[in-house]
Amino acid sequence: MRNIVRRENGQSYNDYLKELAQAQGMENPAREQLARLDRKRKKKGSNEEWTSPSDPDARIARMKEGTTPLAHKAEHAVDLTSGALAAVSLQPASEGGTSTIHNTLKEVRTELKRVELAVKRWWPARDITAVPC
């Protein structure tokens, strides 16, 4: 959370906490006091308010152990008959798998069309369904 900045004005997370502490009457809050204040707050970080200055596409993601890193979600699709990797797509970490599967399937269709065109170019006389993967 130390690396994020506010989308609207570029203010760092630490400066934001200091501003909140001063609004509650703390003059010069120590790091421990800021951490305690931050622990008690509800709805601390949202992707609508905060962004990464170095990677604007990264999203705040909640991990199973409770940490909240800035991350991306890599999804992959595998052909079950051959075991070949059909496509890989990078999705926002803040979205669930059920909402991003459509993008990954679209990526699979695009990749299959690309492979089909390549096979037709290299083996024009052969039937594409007969070419082993």
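From the residues Ala71, Leu17, Trp50, which one has its Cα farthest along the dipole of the chain in the positive direction, the dipole being from +1 and -1 charges on Cβ of Lys/Arg and Asp/Glu about the Cα centre?
Positive-most Cα among the choices belongs to Leu17.
List the longest stretch of the chain that has no exposed loop site; here a site is one of the trypsin sites (Lys or Arg not before Pro) assigned by DSSP to anything other than H, G, I, E or B, with at most 14 other Cβ within 10 Å. Don't skip to the answer; put the middle values down first.
Numbers: sites that count: Arg2, Arg7, Arg41, Lys42, Lys43, Arg62, Lys64, Arg126.
Excluding the exposed sites themselves, the longest stretch runs over 65-125.
Can you list residues whose amide H is under 5 Å from Trp50's amide H, if they're 5+ apart or on another chain and H is modeled 1.01 Å from N?
Sorted by chain and number, the residues that satisfy this are Arg7.
Enumerate by residue number the GluC sites (Glu not before Pro) in region 23-59 meeting two conditions: DSSP loop (anything except H, G, I, E, B), and at most 10 other Cβ atoms within 10 Å of the site's Cβ. Write down the numbers at each step before the final one.
Details: sites: Glu27, Glu32, Glu48, Glu49; in loops: Glu27, Glu48, Glu49.
When the GluC sites (Glu not before Pro) of region 23-59 are filtered for loop state and at most 10 Cβ neighbours within 10 Å, Glu27, Glu48 remain.
Which distance in nm do the two modelled labels at Met26 and Lys44 give, with both placed 7 Å along the Cα-to-Cβ direction?
About 1.3 nm separates the two model spin labels.
Among Gly83, Val5, Asn28, whose Cα projects farthest towards the positive end of the dipole of the chain, with charges put on the beta-carbon of Lys, Arg (+1) and Asp, Glu (-1)?
Working it through, the farthest residue towards the positive pole turns out to be Asn28.
What are the residues whose amide H is under 5 Å from the amide H of Gln11, where those residues sit 5 or more places off or on another chain and H is modelled from the backbone?
Residues meeting the amide H criterion: Arg6.
Give the value in nm², to one decimal: projected area of the alpha carbon convex hull of the chain, averaged over all directions. Could the numbers behind the result be given before it?
On the way: hull surface 47.0 nm².
Over all viewing directions, the chain projects a mean Cα-hull area of 11.7 nm².
Using the Cα centre of the chain as the reference point, and only Cβ charges (+1 on K/R, -1 on D/E), how large is the resulting charge dipole? Debye, rounded to the nearest 20. Don't skip to the end; give the middle numbers.
Numbers: 23 positive and 18 negative charges, 43 e Å.
With only Lys, Arg, Asp and Glu charged at Cβ, the dipole is about 200 debye.
How many percent of Cα pairs in region 72-130 exceed 19 Å? Write out the running numbers ahead of the final one.
Working: 701 of 1711 pairs.
Tail of P(r) above 19 Å: 41 percent of Cα pairs.
Amide H neighbours of Ala87 under 5 Å, at least 5 residues apart or on other chains, H built in the peptide plane: list them.
The list, which skips near neighbours in sequence, is Ala77.
Rounded to the nearest whole Å³, what is the per residue volume of the convex hull around the Cα atoms of region 5-56? If you can, show how the numbers build up before the last one.
Values: hull volume 4.6 nm³, N = 52.
Each residue corresponds to 89 Å³ of Cα convex hull volume.
Working from Cα positions, state the angle (0 to 90°, nearest 10) between the long axis of helix 31-40 and the longest principal axis of the chain.
70 degrees
Since every read-out is calculated from the coordinates, none of them should be taken as a lab result. Computed from a prediction, not measured in an experiment: that's the story for all the values here. Methodologically, a virtual Cβ is constructed for each residue, glycine included, from the backbone with ideal geometry; neighbour enumeration extends over all protein chains shown.
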